[in-house]
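Following: one structure in structure tokens, then a few remarks.
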Amino acid sequence: MTSQEVLIEAQGLTKKFDDFIAVDHIDFKVYKGECVGFLGPNGAGKTTTVRMMYCFLPPTSGELKLAGLSVNKNCREIKNLVGVAPQEDNLDPDFTVIKNLIVYCRYFGIPKDEALKRANEQLKFFQLEEKRDVSIAALSGGLKRRLIFARALINQPQILLLDEPTTGLDPQARHLAWDEVRNLKKKQVTIILTTHYMDEAAVLCDRILIVDKGKIIEEGSPAELVKKHVGEEVLEVYYDEKVLPSLKEAFSDAHFEHLGDRLQIFTDKPHGVFEGYLKEHPMQNVTIRTANLEDVFLKLTGRGLREE
Amino acid sequence: MTSPNLRKSPARFTIPKLTYRVWMVWHRNFDVFTKTIAVNFLPSLLEPILYLLAFGFGLGGFIPSIRGQSYISFIAPALVAISVMNGSFFECTFASFVRMYFQKTFDAIVATPVSVEEVVAGEILWGATRATINTTIVLAVVAAFGLISSPLFLLVIPFAFFGGLMFASMAMCFTSVAPNIDFFNFPSFLFLTPMFFLCGTFFPLTSLPVAAQGTALTILPLTHVVNITRGLISGKLEPILGLSPATLILVSLTWIIAVTIFFFILSINLMKKRLTS
């Protein structure tokens, strides 16, 4: 679905807050129609990068262009092309659901009649019609998220920025949000998504940029990243010094990861190698599973807890 | 990699570039105001009535006259001036802070083609509008009590907007540095309350020592607002520090315009710094 037309381009993009470097000379390109995920621990610089994309924060140095427009010069034009669903709830609590959308239209200079039409369309699309005249305070977390989504689309954006769109949602609401993202991809909307949820990134993103400490440390499609860094399959067993030599001998070219009382063995051999071994060496509490993006993420960014 | 476009500090002081979008922000606040209109009108209506009853009739009964005026007609123009101050100052401190900090309304707006500068300017214009609305109500109360003796009194309404612009701009400077909402107790008690009592409001400024008169005229904005409302409502302005009433009006207007321009630009710059770094 993606074309070769570059829609977002960053070169040497840097953001400093006093002495702290939040984003550190990053380069990336996003093509038209792509869904690109920024994955990273807390404080990695994901939100800061997104905020620079819609001119909320000015870059300290470097260049960032959207649709050929520079965030240093053409903020107004950029913000006309972009829809933003921020991490926090910033719906206007002084207004009802429909009025939130209509007032937001006004900020874009959309005429009154057109605003009402678009607002009603969005409410219908997001199944919010019943809540049309309800105040924001009366909405659940999931409904608020849906309204934020609806609001982000009210200016019919070419580029949609979703900053942790499903944090705090129940599974039903998450799946609804995912369906919506897939729908927008079909309409050739270019999407930037930040998330902590690996399953979300794996399902939605064409390409993933893993960021840590303000730098992009790896990029590729979810499948490529899994294959490159953690292989095909993972065997998880209880850590036991007695069985370790036998495992090491059987899987000499596998990658071993020791976590507390668990041992993870990653292999890029085809599926089935672990089953063969387990037939000859029966063990308790064993899990064999397909390697996933979370394994990649933890391998690349480590297991230490991050501060905000 | 070298940075081809190294930016100067975003904190650089600039003259804000504003467009018609300022009114979109103003309109948002106006919409909220009209929704809760009854709650908004009541305090501005009741407060001047209480003051006129308590100070005018109550206390005024013991004061035969001030410079040939009844006490109640002496304080009436001051109550109007105070409504200019309170209306705009509270709007652009507590109310703006709630929108900025708790509701994140500014964050939502700046994701649209409206700029940070325009959001702040819209808030200030709205603060001035609130002052105008409040002042109009107080003026009506004062008129109902029969305390107007100058045909120029209707000019108080447009003047309230410009006086409001000044206090709103000053208020926005406090908002730009406020770490939390309790912070506004400082300007309320250290800035507003002294002005409430000492700017020629409840007794003539000339009763104060000369040094205090000079201070009030140099640094306290309410002094100038009182001078003008007094001139427009009662038509009786007494000389202060040897300045004739006509000169005083001119000085006060010039003072208000200069200070408004200064704080309007300063507040937008300070708020921009707060919101984008």
Here the qualifying pairs (Cβ atoms under 6 Å; residues six or more apart or on different chains; first in segment B:259-277 and in contact (Cβ under 8 Å) with a residue 60 or more places away in the chain; second of a type in the set (A, V, I, L, M) and surrounded by fewer than 16 Cβ atoms within 10 Å (Cβ to Cβ)) come out as B:K273/B:A11
Exactly one of A:L66, A:L91 is modelled with pLDDT of 95 or more, out of contact with any Gly (no Cβ under 6 Å at 6 or more places or on another chain), away from chain B (no Cβ under 13 Å) and within 30 Å of A:G45 (Cβ to Cβ), and that one is A:L66
Residue set B:A111, B:A78; condition closer than 22 Å to B:L220 by Cβ and at pLDDT 95 or above; output residue B:A78
* Flag for A:G43 being in contact with an Asp or Glu (Cβ under 7 Å, 6 or more places away or on another chain), more than 13 Å from every other protein chain (Cβ to nearest Cβ) and surrounded by fewer than 18 Cβ atoms within 10 Å (Cβ to Cβ) -> yes
A:Y31 passes all but one of the listed conditions (1) farther than 20 Å from B:V116 by Cα; (2) within 10 Å of chain B (Cβ to nearest Cβ); the exception is number (2)
Given the conditions (1) surrounded by fewer than 20 Cβ atoms within 10 Å (Cβ to Cβ); (2) modelled with pLDDT under 90; (3) over 17 Å from A:E164 (Cα atoms), every one holds for A:H229 apart from (1)
Only one of (1) of a type outside the set (D, E, K, R); (2) surrounded by fewer than 16 Cβ atoms within 10 Å (Cβ to Cβ); (3) under 16 Å from the mean Cα position of the chain (by Cα) does not apply to B:S207, and that is (3)
In the set A:V36, A:V50, the lone residue that is in contact (Cβ under 8 Å) with a residue 24 or more places away in the chain, in contact with a Cys (Cβ under 8 Å, 6 or more places away or on another chain), more than 7 Å from chain B (Cβ to nearest Cβ) and β-branched (V, I, T) is A:V36
The residue that is nearest to B:F30 (Cα to Cα), considering only those in segment B:75-98 that are surrounded by fewer than 24 Cβ atoms within 10 Å (Cβ to Cβ) and within 14 Å of chain A (Cβ to nearest Cβ), is B:A95
Confirm whether A:V84 is hydrophobic (A, V, I, L, M, F, W, C) and either more than 23 Å from B:E117 (Cα to Cα) or at the interface with chain B (Cβ under 8 Å from one of its Cβ atoms) (or both). yes
When A:R118 is run through (1) buried (at least 21 other Cβ atoms within 10 Å of the Cβ); (2) within 13 Å of chain B (Cβ to nearest Cβ), the failure sits at (2)
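The values are calculated or read from the model by the stated rules, or taken from the named source; none is laboratory data. Just so we're clear, the structure is a prediction, and the values are computed from it rather than from any experiment. Virtual Cβ from ideal backbone geometry, glycine too; neighbours counted across all protein chains shown.
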